[in-house]
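Undergrad: Please read through the structure below; I'll follow up with questions.
The values are calculated or read from the model by the stated rules, or taken from the named source; none is laboratory data. Not measured: the values here are computed from a predicted model. With ideal geometry, Cβ positions are generated from the backbone for all residues, glycine too; neighbour counts draw on all protein chains shown. We work out accessible area using only protein heavy atoms, side chains counted, and drop any ligands, DNA or RNA first. Shrake-Rupley method; radii C 1.70, N 1.55, O 1.52, S 1.80 Å.
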Amino acid sequence: AQKITQTQPGMFVQEKEAVTLDCTYDTSDPSYGLFWYKQPSSGEMIFLIYQGSYDQQNATEGRYSLNFQKARKSANLVISASQLGDSAMYFCAMGWTNFGNEKLTFGTGTRLTIIP
Amino acid sequence: DVKVTQSSRYLVKRTGEKVFLECVQDMDHENMFWYRQDPGLGLRLIYFSYDVKMKEKGDIPEGYSVSREKKERFSLILESASTNQTSMYLCASRSSGLAAFEAFFGQGTRLTVV
């Protein structure tokens with residue numbers, strides 16, 4: 001069965017430092033996508049970045065990059081030069097197709113707090 | 001601007017009541033999802049639908065049912081609400097055909113069952 005694991009319930013990071021949020025996954029499906037979402041205290045879910053299982057290069061979006069290590073089944077989110085506004089819950093998710101049904105499953109999340 | 005709209009932001013219901021949570025999307029997406037979010041447990045999939053009148057159980061379907069009579073609308077039904085169903089409920093929609101498509105979320109419904 002497909003599974004996403006986030007082992008860091010909470011992290012505290014000094015402003016302007018880089019942050020790595022861990023995500024490992026388990027699937028036997030060769031075709032899948034990995035996503036990261038941010039949920040600030042307002043509760044909205046904000047899509048950050050996507051990585052496809054066949055993508056050769058790590059995805060980047062501004063200050064966000066995804067460190068994709070397929071053999072290790074990990075998809076860590078890296079935030080460079082953290083800002084106070086980065087304080088939020090972060091969720092890793094995996095999407096795949098199963099006979100036309102397209103599931104999307106999430107991890108338990110990491111609460112990131114940026115310290116001034 | 002793409003939009004997923006949930007009918008209520010906050011809801012208080014009594015134990016044993018039948019509860020309807022409504023979700024509407026305006027993006028013509030094939031897939032729609034209902035999750036519940038609890039501290040420490042992340043987002044857990046209750047049900048999802050990949051087409052009109054089609055539904056699949058997620059990881060925690062017990063105590064819930066769903067309805068999708070029109071493509072844009074996906075309803076979550078609590079047949080007889082219980083206090084352990086007090087939670088934040090999130091609806092999402094997603095296009096079909098490529099793993100790359102991200103999901104779009106509604107603003108959430110915080111349900112309290114007393």
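Undergrad: Answer with yes or no whether residue B:56 is at pLDDT below 95, in a strand (DSSP E or B) and either touching a strand residue (DSSP E or B) at 6+ places or on another chain (Cβ under 6 Å) or open to solvent by 20 Å² or more (accessible area, probe 1.4 Å) (or both).
TA: Numbers: at pLDDT below 95: yes; in a strand (DSSP E or B): yes; either touching a strand residue (DSSP E or B) at 6+ places or on another chain (Cβ under 6 Å) or open to solvent by 20 Å² or more (accessible area, probe 1.4 Å) (or both): yes.
In short, yes.
Undergrad: Looking at region B:48-65, which of the residues that are within 14 Å of chain A (Cβ to nearest Cβ) and touching a Ser or Thr at 6+ places or on another chain (Cβ under 8 Å) is farthest from residue B:86 (Cα to Cα)?
TA: Among them, the one singled out is B:50.
Undergrad: Moving on. Quick check on this structure: which one of A:51, A:8 is open to solvent by less than 60 Å² (accessible area, probe 1.4 Å) and either without any contact (Cβ under 8 Å) to a residue 24 or more places away in the chain or in a loop (DSSP other than H, G, I, E, B) (or both)?
TA: Of the residues listed, the single one that is open to solvent by less than 60 Å² (accessible area, probe 1.4 Å) and either without any contact (Cβ under 8 Å) to a residue 24 or more places away in the chain or in a loop (DSSP other than H, G, I, E, B) (or both) is A:8.
Undergrad: Six or more apart or on different chains, Cβ atoms under 7 Å: show the pairs whose first residue is in region B:9-33 and within 13 Å of chain A (Cβ to nearest Cβ) and within 13 Å of residue B:91 (Cβ to Cβ) and whose second is in a loop (DSSP other than H, G, I, E, B) and not small (Gly, Ala, Ser).
TA: Every condition considered, the pairs that remain are B:9/B:107.
Undergrad: Among the numbered criteria (1) buried (at least 19 other Cβ atoms within 10 Å of the Cβ); (2) more than 9 Å from chain B (Cβ to nearest Cβ), which one does residue A:116 miss?
TA: Tallying (1) buried (at least 19 other Cβ atoms within 10 Å of the Cβ); (2) more than 9 Å from chain B (Cβ to nearest Cβ), residue A:116 fails exactly one: (1).
Undergrad: Sticking with this structure for a sec: Residues of region A:100-113 being open to solvent by 50 Å² or more (accessible area, probe 1.4 Å) and under 20 Å from residue B:92 (Cα atoms), which ones?
TA: Filtering region A:100-113 down to residues open to solvent by 50 Å² or more (accessible area, probe 1.4 Å) leaves A:103, A:108, A:111.
The answer is A:103, A:108.
Undergrad: Here is a list: B:94, B:110. Which entry is crowded, with 20+ Cβ neighbours inside 10 Å and of a type in the set (Lys, Arg)? Full working, then the answer.
TA: Working: B:110 fails: crowded, with 20+ Cβ neighbours inside 10 Å.
When all the criteria are applied, what remains is B:94.
Undergrad: Sticking with this one: Which residue pairs have Cβ atoms under 7 Å apart, sit 6 or more places apart or on different chains, and have a first residue in region B:94-114 that is more than 7 Å from chain A (Cβ to nearest Cβ) and modelled with pLDDT of 85 or more and a second that is open to solvent by 60 Å² or more (accessible area, probe 1.4 Å) and part of a strand (DSSP E or B)?
TA: Matching pairs, first to second residue: B:106/B:5; B:110/B:10; B:112/B:12; B:114/B:12.
Undergrad: Taking residue B:49, is it part of a strand (DSSP E or B) and modelled with pLDDT under 95? First the steps, then the outcome.
TA: Values: part of a strand (DSSP E or B): yes; modelled with pLDDT under 95: yes.
Here the answer is yes, as residue B:49 does meet what is asked.
Undergrad: Given the condition in a loop (DSSP other than H, G, I, E, B) and either open to solvent by less than 10 Å² (accessible area, probe 1.4 Å) or within 26 Å of residue B:5 (Cβ to Cβ) (or both), answer yes or no: does some residue in region A:79-96 qualify? Before you say what the answer is, go through the steps one by one.
TA: Narrowing region A:79-96 to residues in a loop (DSSP other than H, G, I, E, B): A:80-83, A:87.
Restricting the remaining residues to those that are either open to solvent by less than 10 Å² (accessible area, probe 1.4 Å) or within 26 Å of residue B:5 (Cβ to Cβ) (or both) gives A:82.
Yes, that holds for at least one residue.
Undergrad: Another one. Quick check on my filter: what residues within region A:55-75 are exposed (fewer than 15 other Cβ atoms within 10 Å of the Cβ) and not in a loop (DSSP other than H, G, I, E, B)?
TA: A:60, A:61, A:69
Undergrad: Tell me which residues, restricted to region A:14-48, are in a loop (DSSP other than H, G, I, E, B) and open to solvent by less than 60 Å² (accessible area, probe 1.4 Å).
TA: Keep residues of region A:14-48 that are in a loop (DSSP other than H, G, I, E, B), which gives A:15-18, A:22-23, A:27-31, A:40-45.
Hits for region A:14-48 are A:22, A:23, A:27, A:29, A:31, A:40, A:43, A:45.
Undergrad: Turning to a different aspect of this structure: Take the residues of region B:66-91 that are among the aliphatic types (A, V, I, L, M) and more than 11 Å from chain A (Cβ to nearest Cβ): which is surrounded by the fewest Cβ atoms within 10 Å (Cβ to Cβ)?
TA: Taking region B:66-91 first, the residues among the aliphatic types (A, V, I, L, M) are B:66, B:76-78, B:81, B:88, B:90.
Filter once more, so that each one left must be more than 11 Å from chain A (Cβ to nearest Cβ): B:66, B:76-78, B:81.
Values: B:66: 22, B:76: 23, B:77: 14, B:78: 19, B:81: 21.
Among those residues, the one meeting the criterion is B:77.
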